[in-house]
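Colleague: Have a look at this one.
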Amino acid sequence: MPYLLLLLACNRDTDTDTVAPSPEPGPLVAGVATAPIPAPLGIGTAGFGPFGAPDSTTPFSSIYPGTVRMHGQPEIKVVALSRGEGFEVIFVRVDAVGVFQQLRRALVIELQERTGRDLNDALVLGATHTHSGPGRIIDGGGLFELIADTFFPEFYDRFVQDMADTVEAALADQRPARLGTVVTTCEEGHNDRRCDDGLDYTNSALPVIAVERDGQLDALVVSYAVHGTVLGIDDLTLSQDVSGAVEQAIEDRFDHPVEVLMLNAWAADMAPSDPVLTAPQAGAAGRPDGYDRMERVGSVMADAVHDALPGLAWEEEPALRASTRRVPLDREAIGYADGEFEYEHGAVYCEGESDCDPATTIPGLDAACLPFNEVTPAPNQTEMTAGQVGPFTLITFPGEPGTLLAEQIMDEARAAFPDQVQEVFFVGYAQDYVGYSILEEDWWQGGYEASGAIWGPRQGEYLASRAIDVLGAFLDDTAIPDEPAPIPPFDDPQYTPYVAEQPLDAGRIVVDLPATAGVDTVFRLTVNGGDPWLGPPRPTIERADGTVLTRPNGAPLGVGDYDWSLELTPSPSYDDAPGPTPRTFAWTLELPVQRTTPGWLALEDGEYRIRVEVPIGPSEVVEATSSAVVITRE
């Protein structure tokens, strides 16, 4: 990040964070864009904790093991809605375990430098909370390295630049639109994973925002509570995980390309479900654990969304505005007395046996925590956004709220502002990440969710009250009296740029497709490619006549889609030759002929071949084409 941008961050006055609205909103325009996160295969993931993980060394890994597989390439997706400056909301969703206020601040400053506009109020940056997304984007040290691995400044810099590119692309794509909204539910997509509150309770609300341009549905933004993790750290896989599968399943029910963004809601205690299919596809190919489950969750979510679309209420001139505010977050702000949660710099991983009886608690739980220290403290402030998108009141929450806490926020919002708040579009894991937040009485029952609250038992209800303050300040256009100055981005990344290693024998097909295949076949094609820093190979599957196969909605079948998975085997291995050194990069692409889950892509009988573009330099690509394979169900 240029030094000038850091100066802008450090010298910004709090008053400059809010752009004065233009006198009147104009016509609605909307733009969409998507791009891969520039994470090299081999980078570590985030969120699990590295203890007991398998050993996997790469140039891009540190404490966490390096990934070796990709299934659903992590992405940046943007839907930018505007009725003029000051009347806009820009939804940005990234496949990450969480986003941090320093990362968001870097994006805001980068966009201001590029566009001359302060988009701080409008920008809603949310994470899907995939634990198989790339880590190494937090320059926090200490306990933060257990959450997301050591900081990788060059990747962080690339990530910020690519997010800014994608937002700019969405802004450039804006054209006249209208907005549709509906609220539905999906009980089958998640379940309660937390016994400590003594409940088996879910809130299955599923609000939907639709964008139509040129008479055609172009984008959907949905919010739903599902903890975004099916794959485990042992899978060594980069993936969008369950959220990406949901998005693709919804997209593929259309007869034309539609961009779907799924933002996470109150998912601290909501695990992905494991739906049972009523009519699985017989004889389908066997796949790694978790892949079919993600697709089944995606299918039930797609059912819910598509069933609701006929009920969309459309507006030509929707309310559209947002305001982002900061609130303090520490012992003093929360109001702890002496003897209560006595950790000046915050604490986490409070140890105690999980108590599944709501009538009892764990005495002394707040005295058994792992403290942050003065050098690497927990954050002492956070960011929240309130706004209006059509009939929806927008509320963001920093980190992982529990279901009951989120319901409290929404109920209090309706009670405090009955004439202005009806339906709430709630976005958790957004703008910042401060761990788990649950009700105070629930915290004292211990367990994983309680251990992740970095400011103790009252963090959740304190932030709930501040969410109402932020909403009130937005609705009344007033200040937050104790609003702190913005935190600057992480320090100017200083690094020696990574130089991609020399690939050997690039473009050679090492393992070709079989001559014939049945429905139980998984195509496996291994081609020598380039350093993962340059990106993965880009496959295309063609019929015998050269027709390119697309997804069911007609979109190109890209390497980031759930139809493909990839695995990388470098030789010599990174353990045997740490490098830099010339080596072969053997990329194995897998594509099942048919899945067990109905509705996902299945290859018809016929002849096919796979064409692969292989990046071997910053602007150099070689191409390889497989032999033909004939699929027959006889």
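The values are calculated or read from the model by the stated rules, or taken from the named source; none is laboratory data. None of the values given here were measured: they were computed from a predicted structure. A quick note on method: Cβ atoms are made from the backbone with ideal geometry, for glycine too, and the neighbour counts reach across all protein chains shown. Only protein heavy atoms, including side chains, enter the accessible area calculation; ligands, DNA and RNA are left aside. Shrake-Rupley method; radii C 1.70, N 1.55, O 1.52, S 1.80 Å.
Colleague: Kindly evaluate residue 105 against the criterion of being among the basic types (Lys, Arg), touching a residue at least 24 places away in the same chain (Cβ under 8 Å) and under 29 Å from residue 231 (Cα atoms).
Modeller: Values: among the basic types (Lys, Arg): yes; touching a residue at least 24 places away in the same chain (Cβ under 8 Å): yes; under 29 Å from residue 231 (Cα atoms): no.
No; evaluated as a whole, the condition is false for this residue.
Colleague: Scan region 151-164 and report the pairs whose first residue is within 18 Å of residue 60 (Cα to Cα) and whose second residue is assigned to a helix (DSSP H, G or I) and at pLDDT 95 or above, with Cβ atoms within less than 8 Å and a gap of 6+ or a chain change.
Modeller: From region 151-164, the pairs are 156/103; 159/103; 160/103; 160/106; 160/107; 160/110.
Colleague: While we're on this one: Collect the residues in region 209-227 that are open to solvent by less than 10 Å² (accessible area, probe 1.4 Å), touching a His at 6+ places or on another chain (Cβ under 8 Å) and assigned to a strand (DSSP E or B), keeping them in residue-number order.
Modeller: 224
Colleague: Kindly evaluate residue 577 against the criterion of being among the hydrophobic types (A, V, I, L, M, F, W, C) and surrounded by fewer than 17 Cβ atoms within 10 Å (Cβ to Cβ). Walk me through it before giving the result.
Modeller: Working: among the hydrophobic types (A, V, I, L, M, F, W, C): yes; surrounded by fewer than 17 Cβ atoms within 10 Å (Cβ to Cβ): yes.
Considered against the rule, which asks whether it is among the hydrophobic types (A, V, I, L, M, F, W, C) and surrounded by fewer than 17 Cβ atoms within 10 Å (Cβ to Cβ), residue 577 comes out as yes.
Colleague: Kindly list the number of the only condition in (1) in a helix (DSSP H, G or I); (2) within 21 Å of residue 203 (Cα to Cα); (3) of a type outside the set (Ser, Thr, Tyr); (4) more than 29 Å from the chain's Cα centre (by Cα) that fails for residue 332.
Modeller: (2)
Colleague: May I ask you to say which residue of 541, 509, 610 is aliphatic (A, V, I, L, M) and open to solvent by 30 Å² or more (accessible area, probe 1.4 Å)? First the steps, then the outcome.
Modeller: Working: 541 fails: open to solvent by 30 Å² or more (accessible area, probe 1.4 Å); 610 fails: open to solvent by 30 Å² or more (accessible area, probe 1.4 Å).
Answer to the selection: 509.
Colleague: Additional query: Out of 68, 29, 78, I need the residue that is within 16 Å of the chain's Cα centre (by Cα) and buried (at least 17 other Cβ atoms within 10 Å of the Cβ). Which one?
Modeller: On the way: 68 fails: within 16 Å of the chain's Cα centre (by Cα); 29 fails: within 16 Å of the chain's Cα centre (by Cα).
One residue alone meets the criteria, 78.
Colleague: Restricting the search to region 43-55, which residues are under 21 Å from residue 587 (Cα atoms) and under 19 Å from the mean Cα position of the chain (by Cα)?
Modeller: 43, 44, 45
Listed here are the residues, each with its yes/no results for (1) within 28 Å of residue 324 (Cα to Cα); (2) open to solvent by 20 Å² or more (accessible area, probe 1.4 Å).
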site: 357; (1), (2): no, yes
site: 361; (1), (2): no, yes
site: 364; (1), (2): no, yes
site: 376; (1), (2): yes, yes
site: 381; (1), (2): yes, no
site: 386; (1), (2): yes, no
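Colleague: Can you work out which of the residues in region 295-308 that are open to solvent by less than 60 Å² (accessible area, probe 1.4 Å) and out of contact with any helix residue (DSSP H, G or I) (no Cβ under 6 Å at 6 or more places or on another chain) is farthest from residue 131 (Cα to Cα)?
Modeller: First, pick out the residues of region 295-308 that are open to solvent by less than 60 Å² (accessible area, probe 1.4 Å): 295-302, 304-306, 308.
Subsequent filtering for residues that are out of contact with any helix residue (DSSP H, G or I) (no Cβ under 6 Å at 6 or more places or on another chain) retains 296, 304, 306, 308.
Details: 296: 19, 304: 25, 306: 28, 308: 30 Å.
For region 295-308, the residue satisfying everything is 308.
Colleague: What is the number of the single condition among (1) outside any loop (DSSP other than H, G, I, E, B); (2) more than 15 Å from residue 453 (Cβ to Cβ) that residue 382 does not meet?
Modeller: Looking at each condition in turn, residue 382 falls short on (2).
Colleague: Taking region 51-65 as the region of interest, how many residues are closer than 17 Å to residue 130 by Cβ and either touching a Cys at 6+ places or on another chain (Cβ under 7 Å) or not hydrophobic (A, V, I, L, M, F, W, C) (or both)? If you could, list the steps in order and put the result at the bottom.
Modeller: Of all residues in region 51-65, those closer than 17 Å to residue 130 by Cβ come to 53, 64-65.
From the residues that got through so far, the ones that are either touching a Cys at 6+ places or on another chain (Cβ under 7 Å) or not hydrophobic (A, V, I, L, M, F, W, C) (or both) too are 64-65.
Within region 51-65, residues that are closer than 17 Å to residue 130 by Cβ and either touching a Cys at 6+ places or on another chain (Cβ under 7 Å) or not hydrophobic (A, V, I, L, M, F, W, C) (or both) number 2.
Colleague: Would you pick out the residues in region 131-151 that are in contact with a strand residue (DSSP E or B) (Cβ under 9 Å, 6 or more places away or on another chain) and among the polar types (S, T, N, Q)?
Modeller: Within region 131-151, 132 is the sole residue that qualifies.
Colleague: Within the group 255, 292, which residue is assigned to a loop (DSSP other than H, G, I, E, B), open to solvent by 20 Å² or more (accessible area, probe 1.4 Å), acidic (Asp, Glu) and in contact (Cβ under 8 Å) with a residue 40 or more places away in the chain? Outline the logic, then answer.
Modeller: Values: 292 fails: assigned to a loop (DSSP other than H, G, I, E, B).
Of 255, 292, the one residue that is assigned to a loop (DSSP other than H, G, I, E, B), open to solvent by 20 Å² or more (accessible area, probe 1.4 Å), acidic (Asp, Glu) and in contact (Cβ under 8 Å) with a residue 40 or more places away in the chain is 255.
Colleague: Here's something else I'd like to know. Name the one entry in 114, 105 that is open to solvent by 10 Å² or more (accessible area, probe 1.4 Å), in a helix (DSSP H, G or I) and out of contact with any strand residue (DSSP E or B) (no Cβ under 6 Å at 6 or more places or on another chain).
Modeller: On the way: 105 fails: open to solvent by 10 Å² or more (accessible area, probe 1.4 Å).
Within the list 114, 105, the selection yields 114.
Colleague: Moving to a separate point now. For a quick check of your reading: which strands (runs of 3 or more DSSP E) sit entirely within region 545-634 and have at least 2 residues that are farther than 21 Å from residue 287 by Cβ?
Modeller: Values: elements: 565-571, 584-592, 606-617, 620-625, 629-631.
Passing ranges, in order: 565-571, 584-592, 606-617, 620-625.
Colleague: To continue, here is another question. Yes or no: residue 279 farther than 27 Å from residue 408 by Cα, out of contact with any strand residue (DSSP E or B) (no Cβ under 8 Å at 6 or more places or on another chain), among the hydrophobic types (A, V, I, L, M, F, W, C) and open to solvent by less than 40 Å² (accessible area, probe 1.4 Å)? Talk me through it step by step, then tell me what you get.
Modeller: Working: farther than 27 Å from residue 408 by Cα: yes; out of contact with any strand residue (DSSP E or B) (no Cβ under 8 Å at 6 or more places or on another chain): yes; among the hydrophobic types (A, V, I, L, M, F, W, C): yes; open to solvent by less than 40 Å² (accessible area, probe 1.4 Å): no.
Considered against the rule, which asks whether it is farther than 27 Å from residue 408 by Cα, out of contact with any strand residue (DSSP E or B) (no Cβ under 8 Å at 6 or more places or on another chain), among the hydrophobic types (A, V, I, L, M, F, W, C) and open to solvent by less than 40 Å² (accessible area, probe 1.4 Å), residue 279 comes out as no.
Colleague: Something else about it: Looking at 171, 179, 206, which is the one that is open to solvent by less than 10 Å² (accessible area, probe 1.4 Å), within 22 Å of the chain's Cα centre (by Cα), closer than 27 Å to residue 81 by Cα and modelled with pLDDT of 95 or more?
Modeller: Working: 171 fails: open to solvent by less than 10 Å² (accessible area, probe 1.4 Å); 179 fails: within 22 Å of the chain's Cα centre (by Cα).
Testing whether each residue is open to solvent by less than 10 Å² (accessible area, probe 1.4 Å), within 22 Å of the chain's Cα centre (by Cα), closer than 27 Å to residue 81 by Cα and modelled with pLDDT of 95 or more leaves just 206.
Colleague: Pick from region 258-275 the residues that are part of a loop (DSSP other than H, G, I, E, B) and in contact with a helix residue (DSSP H, G or I) (Cβ under 8 Å, 6 or more places away or on another chain): which of them is farthest from residue 406 (Cα to Cα)?
Modeller: Restricting attention to region 258-275, the residues satisfying the condition of being part of a loop (DSSP other than H, G, I, E, B) are 258, 265-269, 273-275.
Next cut, in contact with a helix residue (DSSP H, G or I) (Cβ under 8 Å, 6 or more places away or on another chain) only: 258, 265-266, 268-269, 273-275.
Working: 258: 29, 265: 8, 266: 6, 268: 10, 269: 11, 273: 20, 274: 24, 275: 25 Å.
Among residues in region 258-275 that are part of a loop (DSSP other than H, G, I, E, B) and in contact with a helix residue (DSSP H, G or I) (Cβ under 8 Å, 6 or more places away or on another chain), the one farthest from residue 406 (Cα to Cα) is 258.
Colleague: Name the helices (runs of 4 or more DSSP H) wholly within region 405-477 that hold at least 1 residues that are open to solvent by 10 Å² or more (accessible area, probe 1.4 Å) and aliphatic (A, V, I, L, M)? Spell out how you get there, then give the answer.
Modeller: On the way: elements: 440-443, 448-451, 459-476.
Because the criterion is at least 1 residues that are open to solvent by 10 Å² or more (accessible area, probe 1.4 Å) and aliphatic (A, V, I, L, M), the helices (runs of 4 or more DSSP H) in region 405-477 that meet it are 459-476.
Colleague: Return the residue satisfying two criteria in turn: it lies in region 547-573 and is hydroxyl-bearing (Ser, Thr, Tyr) and surrounded by fewer than 17 Cβ atoms within 10 Å (Cβ to Cβ), and of such residues it is nearest to the chain's Cα centre (by Cα). Talk me through it step by step, then tell me what you get.
Modeller: Start the filter on region 547-573 by keeping residues that are hydroxyl-bearing (Ser, Thr, Tyr), which leaves 547, 550, 562, 565, 569, 571, 573.
Among the residues that remain, those that are also surrounded by fewer than 17 Cβ atoms within 10 Å (Cβ to Cβ) are: 547, 550, 569, 571, 573.
On the way: 547: 33, 550: 25, 569: 27, 571: 32, 573: 31 Å.
The selected residue is 550.
Colleague: Filtering region 228-252 down to residues that are assigned to a loop (DSSP other than H, G, I, E, B) and closer than 17 Å to residue 125 by Cα, which residue is modelled with the lowest pLDDT? Quick ask: steps written out before the conclusion?
Modeller: Applying the first criterion (assigned to a loop (DSSP other than H, G, I, E, B)) to region 228-252 yields 228-232, 236, 239-240, 252.
Subset that is closer than 17 Å to residue 125 by Cα: 228, 240.
Details: 228: 92, 240: 97.
Per the criteria, the residue is 228.
Colleague: Still on this model: Restricting the search to region 320-347, which residues are over 29 Å from residue 248 (Cα atoms), among the hydrophobic types (A, V, I, L, M, F, W, C) and crowded, with 17+ Cβ neighbours inside 10 Å?
Modeller: Across region 320-347, the qualifying residues are 327, 329, 334, 341, 347.
Colleague: How many residues does region 193-203 contain that are modelled with pLDDT of 95 or more and within 21 Å of the chain's Cα centre (by Cα)?
Modeller: Summing the residues that are modelled with pLDDT of 95 or more and within 21 Å of the chain's Cα centre (by Cα) in region 193-203 gives 1.
Colleague: Can you name the residue in region 152-177 that is in contact with a strand residue (DSSP E or B) (Cβ under 8 Å, 6 or more places away or on another chain) and of a type in the set (Val, Ile, Thr) and, of all such residues, is nearest to residue 117 (Cα to Cα)?
Modeller: Of everything passing the filter in region 152-177, 167 is nearest to residue 117 (Cα to Cα).
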